[in-house]
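Below: the structure, in structure tokens.
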Amino acid sequence: MSFTLRQIRYFVAVAENGKVSAAAAAVGISPSSVTTAVQELEDLLGVALFERHRRGLSLTYQGNRFLQHSRNILAAVSAASYALNQKETDLAGPLSVGVTITVAGYFLAPLLARFRRSFPNINVNITEYSRDDLERKLISGEIDIALILTSNIADRDAIAHETLVRSNRRLWVTPEHPLLAQEQVTLKDISVLPYIQLQIDDAQVSHLNFWHNAGLSPRTVFRTESVEAMRSLVATGAGVTILSDMVYRPWSLEGDRIELVTLADEIPSMDVGLAWPRNIPLNDNAQALLEYCRMEYLSGRRSFRSEAWSWE
């Protein structure tokens, strides 16, 4: 078996951008070239990576597994390239990084592992805070830099930031939900349904904002700080919710399936990135993390997409 980095890159681009046309734009080639590369990859692997159906395209079980390995391959290549070109791999000493709960649970670990491989002598100290505590500690200089939901930053005059990933928000429903049969789903359609509200990382505030902008409000029947409880409740039909692709998984802990619906309304994305105080210069170790993240994420803008894709 012999596949190329080009095929891997195009496959990941389709998975992360959601459409072949968008993937082609992201990597700067024609849609037909992306389609050909993905089909070649499927032939080489001897498995179907995508399932074509009436609603578009979804990753197969094998496709989901291969996507994780493909991301690791591309990350390893990026890390190797970065290490060869980086003049300051001998940086050493402490680096204090603050995180919020969503970032800690769904974003931090793989990034931290790759950064530590490139900078083994930097002692990274991670502490989890609420968003408001994290902003205060950044401004006071108690921590060097933060991984945070940049879309939720309150004090933008005192805190500089750079967004690394934008994660789209979509509707979570059971596989039998009648909204899956609709051609178009709006917030108005959802407003009459029982709604489950996640409360961590200012989720309730951000949700109420986009509901308010639509002149509507959800019929909230339950609030929780547990994403796993949210998954189980949606999967068993207790209600629906709107959450970002970053925290989406297709199965609950009990093994029940969760489907996604892209909404017709404009729903703001959940943005993840780095933040630091405007009035305190970044130290060398924090600057290394910032530059490493720029290389990892902004050189080929990543996004979190899940399983309801269209083949275009």
*Of ASP271, ASP256, ASP201, the one that fluctuates the most in a GNM where the chain has Cα springs shorter than 10 Å*: ASP256
_Rounded, prolate or oblate, given the Cα gyration tensor of region 169-261, with a/c below 1.5 counting as rounded?_
oblate
*If you build a Gaussian network model of the chain, linking Cα atoms that sit under 10 Å apart, which residue out of GLY105, GLY28, GLY273 swings the most?*
GLY28
*In what order do TRP276, TRP172 fall by count of nearby beta-carbon atoms within 10 Å, going from fewest to most?*
TRP276, TRP172
*Restricting to the chain, compute how many DSSP beta bridges are antiparallel as a %, nearest 5.*
55 percent
*Report the FRET efficiency, 1/(1 + (r/R0)^6), for ASP132 and LYS188, where r is their Cβ-Cβ distance and R0 is 30 Å, rounded to 0.05.*
0.35
*With runs of 4+ DSSP H residues as the only contributors, calculate the mean residue ellipticity of the chain at 222 nm using -39,500 (n - 2.57) per run, divided by the residue total and rounded to the nearest 500.*
-12000 deg cm²/dmol
_I'd like the FRET efficiency for ARG71 and ARG156, computed as 1/(1 + (r/R0)^6) with the beta carbon distance as r and R0 of 25 Å, rounded to 0.05._
0.20
*Label ILE280 and SER30 with points 7 Å out from Cα along Cα→Cβ: what is the distance between them in nm?*
5.4 nm
*Mind grabbing the base-10 log of I(q)/I(0) for the chain at q = 0.10 Å⁻¹? Debye formula, identical points on the C-alpha positions, no solvent, two decimal places.*
-0.63
*Relative contact order %, region 90-164, counting alpha carbon pairs below 8 Å whose residues are six or more apart*: 42 percent
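FYI, it's all coordinate maths here, none of it is from the lab. As the structure is a computational prediction, the values presented were derived from the model and not from experiment. Neighbour counts are summed over all protein chains in view; Cβ atoms, including those assigned to glycine, are modelled from backbone coordinates with ideal geometry.
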